[in-house]
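Worksheet: one structure, shown below.
FYI, it's all coordinate maths here, none of it is from the lab. Please read all numbers here as calculations on a predicted model, not as lab measurements. In this analysis, Cβ positions are derived from the backbone assuming ideal geometry, glycine residues included, and neighbour counts consider all displayed protein chains.
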Amino acid sequence: MNALHTAWEKLIREESRRQEERMDQDLWRPRLHIAPPAGWLNDPNGLCQYKGIYHAFYQLAYFQPEGGLKFWGHCTSKDLLHWDFQGVPLCPDQPFDCHGTYSGSALIEDDLMYLYYTGNVKFMGEHDYINTGRASNTVMAVSRDGVQIDTKELLMTNADYPDDLTRHVRDPKVWKQDGRYYMVQGARTKEDEGTVLLFSSEDKMHWDYVHRFRMEQPFGYMWECPDLYRLDGYTVLSISPQGVKQDGLKYANQYQSGTCFLHGDFRETKLMEGFRELDGGFDFYAPQTFLADDGRRIQIGWMGMPDMEEIYKNRTVTRGWQNVLTIPRELSVRDGILCQNPVRELKDWWKKEHRFEGAYSGPINPCCELDLTADGGDVKVVLAGGLILRYQEAKGIFWMEFTDPLLGGGRDIRGRQIGRLRDLRILVDVSCVEVFLNGGRDVCSTRFYPEMDQYRVEIEGSRVQGVLRYCES
Ligand code: FRU
């Protein structure tokens, strides 16, 4: 650990003491969702299960709730629901990561935790910061206990990436397969096309470029946070593209996140097919997955959106923090569609339930779940008086609309073509709403900011049957 790291640690310790009391009183702190202890949170990083414990790291601008210099925050959990903050183990403290320890992933081997990430460096001067003015370094940090970082090693610089790329190469996701190591990284070419680079290695340290994945037609100028994994017999490539134009209801957010399938062995095939957005709400970006010890593929996303005006309207900014991660979601493929559902541990979280049929209205606990079966027919659910979740049978569209701008912090309306609605599961966690439709085939997520007396629900729908699940307080 060098002197700069020690200095960061001291500053963070002092700041946490200042923040603790403030956060305890904050009405919008979620109970289930991972939130930063202070400051700005973005992408999930280094997700893994290490010695039986779940670890979630995340991009953290500890001192700047509106975003700034990026560190890795860290928390751990035994059940994916109760998370304990563990500190800020990765700090920008080296010449190769001095302007941010950017996103990356974890590889567990021989009881060691290897964290691969992008060391971000920006140079002063006249630069466009696309083709010049920045360095994207691939770095490997090693931890012997999953808490402290013991070493950091620079593995690759821009000189090691293909020549036709801009300086934007980042977010290594690493895994081991068939006795070799593989890594994907997101990149922007000099032609302004997004792409994913594949590298391989025999020893985790020395990496060779293999090839790159692309779609038949260019799809945005930059792809961030790639992830490649096997799921129910499919090879999935997940990307977060930037620069994709809105197409009807699709691609309505500033940036997107979605998955493609690769047909054949990823070491040979290069063509990605069938991009499908992972989430149709306002707040979802840069997801990452990991393989749990029990074989489940679990995904966590950033429940936020970069480069949006909302960043300044999100109402927790004035309280010193901003953004959360999604509930961990179990992934599966059903009928060729990637499905996401809250991890099964969630069912043990709730202590009480109330069943109803047809219309229902009443107060709700700020942390609760509504499980509805619909069997077609229009359905309308109004949360906190100003967030309308509506299924329009005639068009097969599910709408998420804020009629109260203050409640939505600047968000307005999103729609998702879902076909017939059979069931919807709405998870409300204080300032977070995640809606899982038709067994997780479609998901819509958003933040919202109700006042304490606004926690209510009104449900309309003649064919609706429902369960409201909650805890006592
Ligand atoms: C995605 C992203 C990543 C980058 C990180 C920086 O939100 O832009 O590409 O590594 O955030 O915080």
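Summarising the amide proton neighbourhood of C367: residues at separation of 5 or more, or on other chains, whose placed amide H is nearer than 5 Å comprise V430.
Couplings 3J(HN,Hα) of the range 40-54, computed from phi: 9, 10, 10, 2, x, 9, x, 5, 5, 10, 10, 6, x, 9, 7 Hz, in residue order, whole Hz [Karplus 6.51 cos²θ - 1.76 cosθ + 1.60, θ = phi - 60°; x for Gly and Pro]. Label sites at T403 and D208, each approximated as a point 7 angstrom past Cα along Cα to Cβ, lie 6.3 nm apart.
Counting other Cβ atoms within 10 Å as a rough exposure proxy, the listed residues M23, M156 run M23, M156 from fewest neighbours to most.
Once backbone amide H atoms are built at 1.01 Å from N, S332 has C339 as its partners under 5 Å, excluding neighbours fewer than 5 places away on the same chain. Among K313, K10, the order by Cβ neighbours within 10 angstrom, fewest to most, reads K10, K313. Neighbour counts of C-beta atoms inside 10 Å place D171, D150 in the sequence D150, D171, starting with the fewest. Excluding same-chain neighbours fewer than eight residues apart, the lysines reachable from K380 by a Cα-Cα span under 18 Å are K395. Under the criterion of Cα pairs below 8 Å and six or more residues apart, the relative contact order for the range 1-71 equals 23 percent. The calculated FRET efficiency for V467 paired with E126, based on their beta-carbon distance and R0 = 60 Å, is about 0.50. Look at the alpha carbon pairs under 8 Å that are at least 6 residues apart: their mean separation over the length of the range 8-123 gives a relative contact order of 20 percent. Listed by chain and number, the lysines placed with their C-alpha closer than 24 angstrom to that of K152 are K10, K51, K70, K122, K173, K176, K204; residues fewer than eight positions away on the same chain are left out. Please tell me the relative contact order of the chain in percent, rounded to the nearest whole number, where contacts are Cα pairs under 8 Å and at least six residues apart. The normalised contact order for the chain reaches 12 percent. Computed from backbone phi, the HN-Hα couplings of the range 363-375 come to x, 10, 6, x, 10, 7, 9, 10, 10, 10, 9, 10, 6 Hz, rounded to whole numbers (Karplus: 6.51 cos²θ - 1.76 cosθ + 1.60, θ = phi - 60°; Gly and Pro given as x). Of interest is the spacing of the C-alpha centroids, which for the range 394-440 and the range 237-306 amounts to 19 Å.
What residues of the range 1-38 lie in the reach of a label at Q148, counting those whose backbone N is under 19 Å from a point 7 Å from the Cα along Cα→Cβ? Flagged as within label range: 1-14. The range 133-174 and the range 71-121 have Cα centres spaced 12 Å apart. In a reduced charge model with +1 at each Lys and Arg Cβ and -1 at each Asp and Glu Cβ, the range 34-151 shows a dipole moment near 100 debye about its Cα centre. In a reduced charge model with +1 at each Lys and Arg Cβ and -1 at each Asp and Glu Cβ, the range 276-365 shows a dipole moment near 280 debye about its Cα centre.
Sequentially through the range 446-458, phi angles give Karplus couplings (6.51, -1.76, 1.60; θ = phi - 60°) of 7, 8, 8, 10, x, 6, 3, 7, 9, 6, 8, 9, 10 Hz, Gly and Pro residues having no value and appearing as x.
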